[in-house]
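Below: one structure, written as structure tokens.
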Amino acid sequence: MNNPRCEPWIPEPREALQALAWGLGLSFVFWWPLWLGGGLQGGDLYSYYMPQKAVLADALQRGSLPLWNDLTGWGYPAVAESQTGVLYPPNWVLYRLFDINTAYIVNQLLHYLVAFLATWGVTRQLGMSQQAAALAAMSFVYGWLPARICLEWAAIGVAYLAVVFWCSFGWLQTGCPRSWGALAIALGLDLLAGHFHLAFITLLAVTALAAWHLLATLISRDPTDSGSSRWSVWRRNGVESGWLMAAVMGGMLVAT
């Protein structure tokens, strides 16, 4: 709402291609064995994650969704299981087109790329240079994710955290409805992915951002601010923060 022209930061084609090249190139440098058809090992990958994906893939091949998994004990609702991602749209494509191992790897690398590009976008939205955006994206994505390569939820959670912050800052800085709508969709997809702990942290982060945006005016010490002007800014920030929380509710509606 601060910019009536409604212009959140969107990359020029040349910069977008540069960021894409950086993202793809770094993923190959770190994970060239996966690009060449290799697989993963370790952790709960084959004892827990892959059996869940096998149930999903088998159901998708039959043209259905496994809302209930009857292959373990008395059964349980697969739609509520945190690793299956039954209602996550990318899974419908990947686990229908590819074998389980390939789909799992492609999903990982795809979210690495999304996390890199979205972190680039957040940095540029905050007014920093392309060099700073490249450094921030490389540090954020590859500073801790590679040690968790077997954990699909890490890459998905980080990707949506970056997208959500990009959209949130875009909304608060420009008031653009596109940023607000993209935020609600991103939050909904984050919840649909099934990895609820990082999704919950992301929701908390958006809530904290909305609270800070509202309270920052009250605790500012600018002596040039009059009482009336401060009240006007506080009221505007309150409206913007309220709409930010409305986007959180919108994301929950998308996920339902």
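Using a cut-off of under 19 Å, list every residue of segment 128-168 whose amide N is near the label point 7 Å from the Cα of T72 along the Cα-to-beta-carbon line.
Backbone N within reach: 150-154.
Sequence gap at least 6, Cα distance under 8 Å: using those rules, report the relative contact order of the chain to the nearest whole percent.
Relative contact order comes out at 22 percent.
Could you tell me the accessible area of M252 in Å² (1.4 Å probe, neighbours in place), rounded to the nearest ten?
Rounded to the nearest 10, the figure is 80 Å².
Keeping every protein chain in place, order H213, H197, H111 by accessible area at 1.4 Å, biggest value first, i.e. largest first.
H197, H213, H111
If I take every Cα pair under 8 Å that is 6 or more residues apart in segment 43-126, average their sequence separation and divide by the length, what percent do I get for the relative contact order?
23 percent
Sort Y104, Y160 from largest to smallest accessible area, using a 1.4 Å probe on the heavy atoms of the protein chains.
Accessible-area ranking of Y104, Y160, largest first: Y160, Y104.
Could you order S27, S129 by accessible surface area, starting with the largest, using a probe radius of 1.4 Å?
I get S129, S27, largest accessible area first.
May I ask for log10 I(q)/I(0) of segment 1-104 at q = 0.12 Å⁻¹, from a Debye sum over the Cα atoms as equal point scatterers with solvent left out?
For the requested q values the scattering log ratios are -0.61.
Using the Kyte-Doolittle scale, find the helices of the chain whose mean hydropathy is at least 0.5 and whose Cα atoms extend 24 Å or more along the helix's long axis, counting only whole DSSP H runs.
Those that pass (Cα extent of 24 Å or more, hydropathy at least 0.5) are 13-35, 100-125, 152-174, 196-219.
If we count trypsin sites (Lys or Arg not before Pro) as exposed when they sit in a DSSP loop and have at most 11 other beta carbons within 10 Å, what is the longest stretch of the chain that avoids them all?
Longest gap between qualifying sites, sites excluded: 63-220.
Name all residues of segment 203-217 having a backbone nitrogen under 13 Å from the label point set 7 Å from the Cα of R236 along its Cα→Cβ direction, giving them as ranges.
Counting only backbone N, you get 217.
The values are calculated or read from the model by the stated rules, or taken from the named source; none is laboratory data. What you see is a predicted model; the values in this text were computed from it and never measured. A quick note on method: Cβ atoms are made from the backbone with ideal geometry, for glycine too, and the neighbour counts reach across all protein chains shown. SASA here: full protein model, heavy atoms, side chains in, ligands and nucleic acids out. Shrake-Rupley method; radii C 1.70, N 1.55, O 1.52, S 1.80 Å.
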